[in-house]
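Notes for the one structure printed next.
No value in this document is a laboratory result; all are computed from the given coordinates. This is a predicted model, so every value here is computed, not measured. Using ideal geometry, Cβ is built from the backbone for each residue, glycine included, and neighbour counts are taken over all protein chains shown.
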Amino acid sequence: MPHINDYTGRRVHMIGIGGSSMSGLAGMLAQRGVRVTGSDSVSSYLTQALCERGIPVTIGHRAETVCGADLVVYSAAIAADNPERQEAARLGIPQMERATLLGQLMEGYRHAINVCGTHGKTTTTSMIAEVLLDAGFDPTVHIGGQLDYIGGSTRVGGKETFVVEACEFNASFLQFHPTVAVVTNIEEDHLDFYKNLDAICDAFRRFFALLPKDGACIGNGDDPRVRQLLAELPCETITYGMGEDCDWQPDGLVYDETGCASFGAAFRGRVLARVELHVPGDFNVLHALATMAACVQVGADAAVVAQSLSRFTAPHRRFERTGTVCGVALYTDYGHNPAEMHSALQNASLQPHSTLWAVMQPHTYSRVKTLFKDYIHCCDLADELLVTDIFAAREKDPGDIHAKMLVDAIAATGQHVHYTPTFDDAEAYLRAHWKPGDLVITMSCGDIHLLNAQIQRHGETMPQEK
């Protein structure tokens, strides 16, 4: 197995470089003195940003792109029959999957804080990274989203602390080297890879087994699956949550009119600091408690952690307000499975609005099929629901699932739902029916945020078709 430490000054070619993780890794490698090139199927703001940094990106996958590379790195979405991977194999160029690279990069850190779980990873990782910076640490950071506070998705810091979002998809987090694990929850997802929930729990069990005996696992004590796995561990375990038996709890929890919480961060009955959040929702209370637990665990002062949390704003595409058009507030959220979309709508419902519009872009055929019943009611809080075509991502259309099937099932419950297959269809429907004072939230980890950009680009009046 090649090791990235051997490639300083040499050329590493990255297939799928436009992904949020891959683009961040490209920047990290460039800062380490690696000559990085890349390719992606489509141009995006991330590929353009890489080009502006001097990292050449080819749009489209062609065999000749890998010629002259010393190492090829690919994301999990890039299959073995990709022409660049095939050519690399023919030429004898070593290949490495993205997660392996990320695991190699975090080797040797005293504190390697790995944030895992079905929901909330990006926000919790962002909170921890921002707090540690404010607390005087110099963390190296890798997040699956864009955080303005660090200027993107990655930050190269010292060799003491590494903060990373550890995703369970494809069991990629099993390539990592955690010393502190934070687990937000364990639920059904990625059932295109895992057989069932038991298989998901087993993957988390194997991930926690990577912790050293002097490490720590910090888990959501309100989640019974998390508690069960924590009970099996030989290392230190710490719980957080709303339950009275959790180590970290919110004391005197109150919410303002927009759903933002204030509370005392209490550890085993003793309030150590007071937090006033400016991101809404009870799940952000949990993220903040997880952050407090992780940062105090590695030596940060609780009062400094609280002060930093009180200044925190969410990373992009995490209940992000993108603008106002025609008096209508526009939001977007990365939520892409039913539980996450329900949480996003809970937040949206607390914001000032007349009619609450939700635009759902179902994400992957396999997810819609396996969680079909959950999709039917996840947007019940919306007054009006628009559903676009399914975003395929890494999958091919199997031919036995379609967004219209989801729309029909939702309509049967009495929900006001409308099938708007394209962004143009969705924009046209919204503009024909919305009124000043309404709120629109678009939801998916696909490219639904581009609908917000499209609406805002068109401004007050949508261009007429030619």
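Would you list Met1, Met341 from fewest to most Cβ contacts within 10 Å?
Neighbour counts put them in this order, fewest first: Met1, Met341.
Can you sort Phe372, Phe173, Phe267 by how many other beta carbons sit within 10 Å, fewest first?
Arranged by neighbour count, lowest to highest, Phe372, Phe173, Phe267 become Phe372, Phe267, Phe173.
With θ set to phi - 60°, apply the Karplus curve 6.51 cos²θ - 1.76 cosθ + 1.60 along the stretch 147-161 and write out the HN-Hα couplings as whole Hz, x wherever there is a Gly or Pro.
Taking θ as phi minus 60°, the curve returns 10, 4, 4, 10, x, x, 9, 9, 8, 9, x, x, 9, 9, 9 Hz for the stretch 147-161.
May I ask for the Rg/Rh ratio of the stretch 78-176, computed from Cα atoms with Rh as the Kirkwood radius, given to two decimals?
We get a ratio of 1.05 for the stretch 78-176.
Restricting to Cα pairs below 8 Å that are 6+ residues apart, what does the relative contact order work out to for the chain? Please round to a whole percent.
With pairs under 8 Å counted, the relative contact order is 11 percent.
What is the Å³ per residue value for the convex hull set by the Cα atoms of the stretch 54-109?
Enclosed volume per residue, from the Cα hull, is 106 Å³.
HN-Hα J couplings of the stretch 38-44 from phi, Karplus 6.51/-1.76/1.60, θ = phi - 60°, integer Hz, Gly and Pro as x?
x, 9, 8, 6, 9, 7, 8
Of all DSSP beta bridges located in the stretch 320-458, what percent are antiparallel, nearest 5?
The antiparallel fraction comes to roughly 20 percent.
Multiplying the sequence separation of Lys159 and Tyr45 by 0.36 nm and subtracting their Cα-Cα distance, what value in nm do you get?
Length difference between fully extended and current span is 38.0 nm.
Please report Rg (one decimal) and Dmax (integer) in Å for the Cα set of the stretch 1-155.
Values for the stretch 1-155 (Cα only, Rg and Dmax): 15.6, 49 Å.
Taking a point 7 angstrom from the Cα of Leu350 along the C-beta vector, which residues in the stretch 102-135 have backbone N less than 18 Å away?
Those under the cut-off are 120-121, 123-124, 127.
Mind listing the long-range amide H neighbours of Thr442? Cut-off is under 5 Å, sequence gap 5 or more, other chains count too, H placed in the peptide plane at 1.01 Å from N.
Long-range HN contacts for Thr442: Tyr331, Thr332, Asp333, Val359.
Once every DSSP H run of n ≥ 4 in the chain is given -39500 (n - 2.57) and the sum is divided by its residues, what mean residue ellipticity at 222 nm do you get, rounded to the nearest 500 deg cm²/dmol?
When only DSSP H runs of four or more count, the value is -9500 deg cm²/dmol.
Taking H placed 1.01 Å from N in the peptide plane, check which residues at least 5 places from Ile218 or on another chain put their amide H under 5 Å from its amide H.
Sorted by chain and number, the residues that satisfy this are Ala181, Val182, Val183, Ile238.
Listing Thr123, Thr179, Thr37, Thr355 from the residue with the fewest other Cβ atoms within 10 Å to the one with the most, what is the order?
Taking fewest neighbouring Cβ atoms as first place, the list is Thr355, Thr37, Thr179, Thr123.
Any idea how far the Cα center of the stretch 404-423 sits from the one of the stretch 255-276, in Å?
Computed from Cα coordinates, the inter-centre distance equals 39 Å.
How far is it, in nm, from the label point at Leu174 to the one at Asp424 when both lie 7 Å from their Cα along the line to the Cβ?
Label-label distance for Leu174 and Asp424, simple model: 4.6 nm.
Bin by bin, in steps of 10 Å, what percent of the Cα pairs in the stretch 10-97 do you find, going until the bin that has the longest distance?
Answer for the stretch 10-97: a P(r) of 19, 58, 22, 0 percent.
Normalise the Cα radius of gyration of the chain by 2.2 N^0.38 Å (N = residues in it) and let me know the number.
0.98
For the stretch 421-426, take each phi angle, set θ = phi - 60°, evaluate the Karplus expression 6.51 cos²θ - 1.76 cosθ + 1.60, and give the result in whole Hz per residue in order, putting x for glycine and proline.
Those phi angles translate into x, 10, 4, 4, 5, 5 Hz.
For Gly117, what residues show an amide H to amide H distance below 5 Å, using hydrogens built from the backbone and excluding near sequence neighbours?
Sorted by chain and number, the residues that satisfy this are Glu168, Thr184.
According to the Cα gyration tensor, what semi-axes, each the square root of 5 times an eigenvalue, does the equivalent ellipsoid of the stretch 320-458 have, listed from largest to smallest in whole Å?
23, 16, 14
Given a Förster distance of 56 angstrom, what is the FRET efficiency for Arg32 paired with Glu460, based on the Cβ-Cβ distance and rounded to 0.05?
So the FRET efficiency works out to roughly 0.75.
To the nearest 0.05, what FRET efficiency results for Ser310 and Glu395 with a Förster distance of 41 Å applied to their C-beta separation?
The calculated FRET efficiency here is 0.50.
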